[in-house]
Structures are given as C-alpha cells and as structure tokens.
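Structure first, then comments.
The values are calculated or read from the model by the stated rules, or taken from the named source; none is laboratory data. Predicted model, so just to flag it, every value in this text is computed and none were measured. So basically every Cβ, Gly included, is an ideal-geometry build from the backbone, and we count neighbours across all protein chains shown.
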Amino acid sequence: MAGDSIGGGSQVALVTGGYDHTIKLWQAHSGVCLRTMQHPESQVNGLEISPNGQRVAACGYQHIRMYDLASANPDPVINFEGITKNVSRVGFQKNGTWMYTGGEDCTARIWDPRAQPQTRCQKIFQVQAPVNAVMLHPDQTQIMVGDQSGIIHLWDLRTDQNEQLIPEAEASIQDIAIDPSGKVMAAVNNKGNCYVWALGDSPHPVPRHHIPAHTKYALRCKFSLDSTLLVTTSGDCSAKVWRAGEWSLVRELRHDSQRWVWDAAFTVDSRYLFTGSSDSYARLWDVEKGTLEREYCGHQKAITALAFKDQAV
Amino acid sequence: MATYDNKIWLLKNIRDAFIATDDTGLCEIVMAGEDFSKIFQNKALEEKKCLRERRLMQPGTSRAKEGIGDISEEENEREIVTQYDPYPDLDDSEEDDPIYPGSSYVRNEDGGPRYRTNTTIWLDKKEQALKKAAKIKIIKWEEPTTPLTTEQVTEYFSKLEIAKPEKHKSLLAEQIKNCPDLPHRQYLEYAKFDGTAQLGMPTKSFKIFMTMLPEKHQNYPLVVCVIANAKIKDLIGFTCYKYSIEHPEIILGSVHEYGLCIAEDDGEVDWAFPCLDANEPCSKFGFTCLGLIELKHRAVVCPASIPIPEDGISGAFHVFSKVVDSGQSNQNPSRHNTGGSQTSEAVLSALKAINEDKRASGDKELSKLQSHILATEAPQYKAYKVHLLRKVRTNTSVQVGISLDRIEIEPLVTHKHAFWSRSKYFIHSIDSVAWCQILEAKANKTTFRIVYSPSHNATFHDRNSTGNQTFFQPNQTYKVHDFECEHDVAKEIVDRINTILDLRNSPCRREYKAAKERKLQTRRSFHTKHIS
C-alpha cells in the first residue's frame, strides 16, 4: 500500500461518481477508497481528469465543478456557473487550455477557466436537441456533438461551420468516441447499435461498419489508447470489448450482480478495463483473460461516471 | 428610532441582538466575524491600565492628594472611561441588572458572553459555508459578445499533430502484479456503510476495541463512522474492512465469528451484557464504545492453559481444567466448594518442577524460596469470602480465589434481574498483579487493596479483567480492587498474595515497585527543596 500518494499528479488515479452526490478517489490497485469529495445537489453525469492529472472535472445537473486531486479538499476548487440544465459530458483540450461541455440545454460550450473575462475564449454551439455526447477530435480542432434527435454535428472550432451525420433515424446518440490516432469514430445509440466511420482519409467521415452491439440502450463507447480495442457499455448489464478494424467481439464482461454499465476506461496498455455500474460497484477486468480483478465498493448508489488516469512506465 | 454614533456600541449591539433577517448581510458579517466588543474590551482594559499608571505618575492631580486614596483599585478602573468603551453610561447592565441600581454603569469585566446555542450553531454553519465559498473560484458563463479574432482562433484552436500511438506499459498493471489479493476484499461488501463524507445522511461513530486480537494489537480503539441505518452486523463487517486495510498483516476471521459487546472507555468489555443484536440498526444503540469479541470466546471465558512464568519456576504445568462458562452468569463451577486448603495437583506439579529445577541447578536461593513456599502454603489454591468495595454501587459479596497463577474474583450473589447489581467476574494472572497491601483497619473490618496492571494480562489472554479506578500512572495504567473483610482474613490474604508476588517477582511487580520508589524520591526531594 505504501509508495502511492493520494492520487497526486504523476500517480495512477481512479475517480468515480454517481447518484449518491459524491465523487470517490480510489487507490486503483488495492481497491481502497482514498478520498470522498462532495458533489452536492446533483448526480455526476461525467468525469474527466485534466491533462496534467492535477484536477478532475465533474458535470451534473446545473453544475460543472473542478476538484483538486492532489489535496485533501473535499470541496470543489472551481465552480462553473450559468447552466440551467443537466450537463452530460465534460472534456479538456489536450494542453488543458480550455474545457468543453455538452448538455441538455441543447448546447456544446467551450470554457476558458483562466481569470480575466476579457481574454476568455468562450464559445457556444447551439443544436436543436439535448446534447448527450461531446467528443474532441485528437487534432483539437473539431468537436463531435451527439444529440437526442440522433444527429452527430461535426463542429469545426476554427470556422464554426458544421456538418451533420444521421446514422439511424429516431435513435438518440448516446456517446461518441474517436480513437487516439484520429482515424476512426464510433457512436452508440439508445437502440444498442454502434456505428463506425473512417476519419481523415477524406474530408468527410466515411461510414464503415455497423455493430449491433447490445440489445438494449447503449450508454458509452471508448477506444483504448493504442486504438486496437473499443468498449461499449449498455443497459443490458454488460460491457463489450471489440477488436478495432475487424469489429469482432473480444470479450463480454458480465457479473451476476452487475446492472447497467454506465462508463468504462482502459489502462494505457489496454490490458485492463474499468467499468462503473448501477449496483454501486466499479470493477476492474482483465480484458485478455476476461477475469474480474478488483471491485471498488463504497458508493451508496449507482456509479454513472468514472475517469481513470494511468501512468506509462 | 434612534441614531447612534458610537460604532463600537453598534457592533456590540448587533452581536448581542442576534439579528438574523438583515437583507444587507452586514449584520451577518459582524456576527460571523471577530467579536469586536471583546477586542475593544481588552483594548479598553489596556488603556485604563495606562491611564491609571499615568495618573499615579502625576501626584498633583491624583485622587490620593484629595483624600480619596482609599478608593479601591477596581472602582478606580471603572471610573476611567476610554474611547473603547461603548457608552459606558448607557450599558445594558442598566436593564439586565436591576438588582444593583448603584452599579448601573458597571460592566462585567469578565465579559462573559451570553449562552447562545442555536444561533451560535447557525452562525458557525453560515460562517463555514462562507469560508468554503470563499475558497471556490466561480466562473460564470458569459455569452460571447464579440466573435474571437483570427489571432485568438489560431492561438486556441490550432491543429495539433496526432502522435503515433506507442505501446506503453501500465503503471497500474505493475502495481496490480505487485499487489496480489488483499485481506480486506472479503469484507468489501461492507465498505458501502462508510459514513465519512456522506452528504445529508445521518451517520454514527463508534470506538471499537479489537478485544479478540492479542493484547499488543488493542492499545487503541478503531474509530469507525458508519451510516446510521447500518445494522450491527454491517458495523462488524465495516470494522473488519477498515481494520484489515490498516493492518493487512493481521488476518481476521469471518464476520459471523464476531460479536459486538458494550465496552468501557478503556476498552474492557462488560461481559455481564450479551452481544448487541446483529440484525438491529446501530442507530438504535446509544453506546459509542464497543468491543469486538469472538463469539466462541463468549462460551469459554477461562482459557485452558496458563503460560509458563519466566522467573525461574520453569516447567510446564496445567493448573486447572478447562472451565466452561455457564451462559452469562460467569460462575465457575469447579470453584464452588474450594473453601478449605487443598493442594491442587497443579501446585504439586509446580513444586515438583521447582524441585527438579533445584536439583539441576543446585541453586540455594531457590531452595530457600521453596522452603518458604512450603512453610506458608501460599501457592495452594485458597478461596476467601470478602466484600468487593465499589465506588458507586453497593459493595458486593465475592469470593477471592488465590493460587500460584492467578487471582479470581467471583461474585457470590447474582441478582439475575437487576442489571445494576450484577457484578463482574474478574480473573487476573498473578503476573499482572503488582501490589497488595492493607489499607485501613477499622473497628471490626479491614480493607485491603490489590493493584494490578491490565496490560500485563497479555500473555494470559484473558478479557474479563476490569477495574474500578486508575490508580497510578508513570508509564502504564494500574488499576485496583479494594476489599473488605475481617482482620485475620485480610492479613492472611495480603500475606499470601505478597508471598506469591515475591516469589514470582514478575516484571509487572518490579516496574510497579520501581515506579513507586521513584515517586517517593521525587516527593522527598520536593519536600527537602521546600524546607531549604
């Protein structure tokens, strides 16, 4: 247990949040909860660790809050205010210059946490339906905005122009993922389907594949850091890992007590996967073996978001 | 409506008036901030002191010259009015203390604040919330009024080169490899009862003494905080969970093997009460000190074997057969008819062992000791009927059993239905007994005292001992039992115990003697210092 500080900057950090209005920081390898942070008045819809690993951003109903990971402060250090509805996703620009969010007020926003309001580069992108997913392209110039009407808007941050994709009619886009190499984009919808596009070769995304990933509501999709695996999580109580390129099922991760799987994250070597579930447990799976390695218990209610920052050695 | 120009008076008045509905928030700042009236009061006192000194320095104007030098210093002080006094002639004592009309402007120099409970708590909360809020930076969304300039766009939204994905080794994977299964995993399901950092959920904290562990691991209680609706079995599980995280080297058993009993502040379990019902919510119980016990230990109160003493009387000997506790009464059936002086087999074997030892070593000292034992018959088990003196409750009739290895105090009368008169059953290893002496000889009774150290009971793994009061505390705690009986019996008991104690000369006794000696020394030196 020794040799691991409280999830400070350079260390491995696992953060979970959910319906119990708390955010928990875990010692990932032992499964011990190191700290609990308060997220009053709202559930946690999304969590993202800042690129320098010092802070974690949490979004919820009317709130976006930033917490210090290195200190023992249970309260946020920054509150982002002025939003009247649920914020569904939060993310950071690669260098940490700005932050982006998407929410049920049918907008995607760029936030600039720096002090002077005059020099802030705030930006807003309005769509017609509540936004469920926002995903920044690895080249940092485009944000994919997925909404409840089933449209994916490709918002160009430099020109403010946008392009639309409608993979399936009358199906709400639940999550969008782009692989770290920027070549593939995947989106899941409330019918449990996963759509894959090729990016980069042509100016527009090229539809490549359709995976009937789940029989129920899909909730998240995420690529592994080496772009070889894609995980989709769902209300069918499972997380499924797919081999990128072939789009074949590598592993179906289920557990008797596991319920809706809301979020997932890979380790940098793509060997392990974290999942967070409605049964209030987060789990660590060995993807290769398909075994359950660790369980993280401490939340009173469903875990709906998790963030993980690994360290390469 | 009145206007006041004394800001100190105003500040004081706002604080004392407990205004809680001021929309401007100014009153809140005054109330939550520093108590100016106190600060000013101190300043006023200081200034008064200065002024008084100055007056005394100026004999021409001093009152002493005018023949009022007999005025008391206190009154003198009252008469001096400084700029820090809030309207001294209009002070609230005018209305508050009508009984003392003569001292209408005399303020309470102690400045004792009025007792404010709810308001204070409310204000504290408010203050904490304000402090908390002050630490949080707030960024409000502002609608972008002017579009970003091209420079800004290129600065903030420039295209970054996508790095080629590399194969990384994960630090987590390495940590997992180096950290195989952990003992707390078996209690993981109880982790969710953690009450720390719960928002808006009632919680309850307990001090849990891990009495089922060896003595060296139970110096400090484990403080656990669980959510209030956790059941006792959840509390046991969470205690095991927390303990196994903090002490992964100690292996605990299954949650079902343990029970929680009421314990005293010092961690001694009250064996007179049964374990708390595992299926009841912990919020139901008012006790905060609990002892975690092994359920099977409740059945067997006395351990079967006695450890071998280290002080020369070697040889393994079993003293008494395994004693099984009959439910809750803590009666010891094998002891009931041992009033007379019978030599137990154990003592015989002990003596035999001593003899063998003597033959082997040829130690003359030991030979002397042995003859002494034989002469006094001290090591034989003998029981006496005496009264155990208590500080609070009535004295109880007990049977004190003394043997070479232990002293047992067994209640003779048990009122099964009156819990307050229920006495405990004590058993002390002789190595934990430090001292025995006659305290006082009254007309027909004599009181005597046994001093023992609970921490020296370690090797005895006995969880029943408890004491009345802390007696002496140089490095460790000693506790005492006081008894009362007839002169002869008291003398016999004290002699017997002292003979055994001298014979054993246990570390506990040596420490106690040394500490006592030190105490005497310091007293003496203190005394001589004062005389000189």
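Given the criterion of a type in the set (Lys, Arg) and closer than 23 Å to B:PRO165 by Cβ, identify the matching residue among A:LYS85, A:LYS94. It would help to see each step written out before you state the result.
On the way: A:LYS85 fails: closer than 23 Å to B:PRO165 by Cβ.
When all the criteria are applied, what remains is A:LYS94.
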Original post:
Based on what the data block shows, is B:MET201 in a loop (DSSP other than H, G, I, E, B), at the interface with chain A (Cβ under 8 Å from one of its Cβ atoms), touching a residue at least 12 places away in the same chain (Cβ under 8 Å) and not acidic (Asp, Glu)?
Top reply: yes
Subject >> Long-range neighbours under 6 Å by Cβ, at least six apart or interchain, first residue farther than 15 Å from B:ASN6 by Cα within the stretch B:28-48, second assigned to a helix (DSSP H, G or I) and at pLDDT below 70 >> reply: B:LYS48/B:GLU77
Subject >> Within the stretch A:136-172, considering residues that are surrounded by fewer than 20 Cβ atoms within 10 Å (Cβ to Cβ) and of a type in the set (Val, Ile, Thr), the one farthest from the other protein chains (Cβ to nearest Cβ) >> reply: A:ILE166
**OP:** Quick one: count up the residues across the stretch A:256-281 that are within 20 Å of B:PHE193 (Cβ to Cβ) and within 11 Å of chain B (Cβ to nearest Cβ).
**Re:** 4
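Let me confirm something: among B:LYS132, B:LYS137, which residue is at pLDDT 85 or above, facing another protein chain (nearest Cβ under 7 Å), within 42 Å of the chain's Cα centre (by Cα) and over 30 Å from B:LEU290 (Cβ atoms)? Even if it seems obvious, please write down each step before you answer.
Values: B:LYS132 fails: at pLDDT 85 or above.
Among B:LYS132, B:LYS137, only B:LYS137 is at pLDDT 85 or above, facing another protein chain (nearest Cβ under 7 Å), within 42 Å of the chain's Cα centre (by Cα) and over 30 Å from B:LEU290 (Cβ atoms).
Among the residues of the stretch B:152-205, write down those that are touching a Phe, Trp or Tyr at 6+ places or on another chain (Cβ under 8 Å) and of a type in the set (Phe, Trp, Tyr). Show your work before the answer.
Here is the first cut: in the stretch B:152-205, the residues touching a Phe, Trp or Tyr at 6+ places or on another chain (Cβ under 8 Å) are B:156, B:170, B:172-173, B:176, B:184, B:187-188, B:190-191, B:193-194.
Hits for the stretch B:152-205 are B:TYR156, B:TYR187, B:TYR190, B:PHE193.
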Subject >> Residues (facing another protein chain (nearest Cβ under 9 Å) and within 17 Å of B:LYS137 (Cα to Cα)) located in the stretch A:25-63 >> reply: A:MET37, A:GLN38, A:HIS39, A:PRO40
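Which of the residues spanning the stretch B:249-263 are in contact with a helix residue (DSSP H, G or I) (Cβ under 7 Å, 6 or more places away or on another chain) and under 14 Å from B:LEU213 (Cβ atoms)? Lay out the reasoning, then the answer.
Going through the stretch B:249-263, the residues in contact with a helix residue (DSSP H, G or I) (Cβ under 7 Å, 6 or more places away or on another chain) turn out to be B:250-252, B:255, B:257-260.
Matches in the stretch B:249-263: B:ILE250, B:ILE251, B:LEU252, B:GLU257, B:TYR258.
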Original post:
So which residues in the stretch A:112-135 are modelled with pLDDT of 90 or more, in contact with a strand residue (DSSP E or B) (Cβ under 6 Å, 6 or more places away or on another chain) and buried (at least 18 other Cβ atoms within 10 Å of the Cβ), if there are any at all?
Top reply: A:PHE125, A:VAL127, A:VAL131, A:ASN132, A:ALA133, A:VAL134, A:MET135
Subject >> Single condition A:PRO212 does not satisfy, out of (1) under 20 Å from the mean Cα position of the chain (by Cα); (2) more than 12 Å from chain B (Cβ to nearest Cβ) >> reply: (1)
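Check the stretch B:240-255 and report whether any residue there is within 12 Å of chain A (Cβ to nearest Cβ), of a type in the set (A, V, I, L, M), part of a helix (DSSP H, G or I) and over 30 Å from A:SER270 (Cα atoms).
Pass one, the stretch B:240-255, residues within 12 Å of chain A (Cβ to nearest Cβ): B:241-242, B:244-249.
In the following step, the residues that additionally are of a type in the set (A, V, I, L, M) were identified as B:245.
From what is left, the residues that are part of a helix (DSSP H, G or I) are B:245.
Keeping just the survivors that are over 30 Å from A:SER270 (Cα atoms) gives none.
Checking the stretch B:240-255: not a single residue is within 12 Å of chain A (Cβ to nearest Cβ), of a type in the set (A, V, I, L, M), part of a helix (DSSP H, G or I) and over 30 Å from A:SER270 (Cα atoms).
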Subject >> Failed item, numbered, when B:TYR190 is tested on (1) touching a Gly at 6+ places or on another chain (Cβ under 6 Å); (2) of a type outside the set (Gly, Ala, Ser); (3) within 7 Å of chain A (Cβ to nearest Cβ); (4) under 30 Å from A:CYS33 (Cβ atoms) >> reply: (3)
Original post:
Is it true that B:MET210 is touching a residue at least 12 places away in the same chain (Cβ under 8 Å), more than 8 Å from chain A (Cβ to nearest Cβ) and touching a strand residue (DSSP E or B) at 6+ places or on another chain (Cβ under 7 Å)?
Top reply: yes
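Given the criterion farther than 23 Å from B:ARG185 by Cα, of a type in the set (S, T, N, Q) and under 19 Å from the mean Cα position of the chain (by Cα), identify the matching residue among A:SER278, A:SER234. I'd like the intermediate steps shown before the answer.
Values: A:SER278 fails: farther than 23 Å from B:ARG185 by Cα.
After ruling out the rest, the residue left standing is A:SER234.
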Subject >> Selected residue (criterion: farthest from the other protein chains (Cβ to nearest Cβ)) from residues of the stretch A:215-232 that are outside any loop (DSSP other than H, G, I, E, B) and of a type outside the set (Lys, Arg) >> reply: A:ALA218
Subject >> Criterion: closer than 28 Å to A:TRP111 by Cα and touching a strand residue (DSSP E or B) at 6+ places or on another chain (Cβ under 9 Å) - qualifying residue of B:GLU166, B:GLU161, B:GLU143 >> reply: B:GLU143
Subject >> Any hit, the stretch A:91-102, residues being away from chain B (no Cβ under 12 Å), surrounded by fewer than 24 Cβ atoms within 10 Å (Cβ to Cβ) and closer than 30 Å to A:GLU293 by Cβ >> reply: yes
Subject >> Answer residue from the stretch A:70-86, given it is modelled with pLDDT of 90 or more and away from chain B (no Cβ under 11 Å) and is nearest to the chain's Cα centre (by Cα) among those >> reply: A:ASN86
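Hey, could you check the stretch B:146-160 for residues that are more than 7 Å from chain A (Cβ to nearest Cβ) and surrounded by 12 or more Cβ atoms within 10 Å (Cβ to Cβ) and say which is farthest from A:ASN95 (Cα to Cα)?
Residues of the stretch B:146-160 more than 7 Å from chain A (Cβ to nearest Cβ): B:146-147, B:149-151, B:154-155, B:158.
In the following step, the residues that additionally are surrounded by 12 or more Cβ atoms within 10 Å (Cβ to Cβ) were identified as B:154-155, B:158.
Working: B:THR154: 15, B:GLU155: 12, B:SER158: 11 Å.
Looking at the filtered set, the residue picked out is B:THR154.
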Original post:
Considering the stretch A:291-313 alone, what residues qualify as being more than 11 Å from chain B (Cβ to nearest Cβ) and hydroxyl-bearing (Ser, Thr, Tyr)?
Top reply: A:THR291, A:THR304
Original post:
Only one residue in B:ALA173, B:ALA163 is touching an Asp or Glu at 6+ places or on another chain (Cβ under 7 Å) and either farther than 19 Å from A:LEU34 by Cβ or more than 7 Å from every other protein chain (Cβ to nearest Cβ) (or both), so which one is that?
Top reply: B:ALA173
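Would you check if there is a residue in the stretch A:258-276 being under 30 Å from A:GLN148 (Cβ atoms), basic (Lys, Arg), touching a Phe, Trp or Tyr at 6+ places or on another chain (Cβ under 8 Å) and surrounded by fewer than 21 Cβ atoms within 10 Å (Cβ to Cβ)?
Looking through the stretch A:258-276, none of the residues is under 30 Å from A:GLN148 (Cβ atoms), basic (Lys, Arg), touching a Phe, Trp or Tyr at 6+ places or on another chain (Cβ under 8 Å) and surrounded by fewer than 21 Cβ atoms within 10 Å (Cβ to Cβ).
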